[in-house]
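Structure first, then comments.
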C-alpha cells in the first residue's frame, strides 16, 4: 500500500512529468493545466470526460489516444521536435493555478462588512 500523496504530492509529481497519460476528469485536467502538463487522453468516459478531452485537444493541450495498440505511436507523435513544448505552452496558457484564490476573493467581496 502506498501512502496518500495529497495535493502537494500530486502537484510535485505533475510538475516533474513531461506528459500525463490518463483520463480527462475535471480535477485531473485542471491539475495538469495548472502546471502546464500536456495530456494524452485515453478512453474518456462519454459525457463530461469526453467533452473535456475534446476541449483539451481543440486547444492543443492534449491529444486523444485511440486504444492500447496505438499508444506508443501517440506518444511518439508528441515527442516530435517542438510538439511537446508547444503542447506544454498551450496547457500552461489554459491553466489557472491561482483559481482557488480567485474564487475566494470573489466570495469575500460579497460578504457584509463587519465593523
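Remarks
- Result for the chain in a Gaussian network model with C-alpha springs under 10 Å: among 13, 37, 104, the largest mean-square fluctuation is at 104.
- The chain: angle of helix 48-58 to the longest principal axis, Cα-based, in degrees nearest 10: 70 degrees
- For the residues 79, 40, 56, a GNM of the chain with alpha-carbon springs under 10 Å puts the largest fluctuation on 79.
- Taking every alpha-carbon pair in segment 6-110 and binning the separations at 10 Å intervals from zero gives 16, 45, 30, 8, 2, 0 percent.
- GNM result for the chain, Cα springs below 10 Å: residue of 83, 61, 24 fluctuating most strongly: 83
- Label-point gap, in nm, between residue 27 and residue 72 - each point 7 angstrom along Cα→Cβ: 3.4 nm
- The ranking of 31, 106, 59 by Cβ neighbour count inside 10 Å, starting from the fewest, reads 106, 59, 31.
- Among 34, 76, a tally of other beta-carbon atoms within 10 Å of each Cβ gives an order, fewest to most, of 76, 34.
- Using alpha-carbon coordinates, inclination of helix 6-16 to the longest axis of the chain, degrees: 50 degrees
- In degrees, nearest ten, helix 99-110 long axis to first principal axis of the chain (Cα): 30 degrees
- Residue exposure proxy: 14, 39, ordered by other Cβ atoms within 10 angstrom of their Cβ from fewest to most, comes out as 14, 39.
- Taking all Cα pairs closer than 8 Å and separated by 6 or more residues, the relative contact order of the chain comes to 26 percent.
- Here the spin labels are modelled as points 7 Å beyond Cα on the Cα-Cβ line, and at residue 93 and residue 107 they lie 3.1 nm apart.
- Computed from the Cβ-Cβ distance with R0 of 25 Å, the FRET efficiency linking residue 100 to residue 58 stands at 0.45.
- Anisotropy class of segment 50-101 from Cα gyration tensor, a/c 1.5 cut: oblate
All of the numbers you see were taken from the coordinates with simple rules; none came from a lab. From a predicted model like this one, the values you see are computed outputs, not experimental measurements. All Cβ positions, glycine included, derive from the backbone under ideal geometry; neighbour counts span all protein chains shown.
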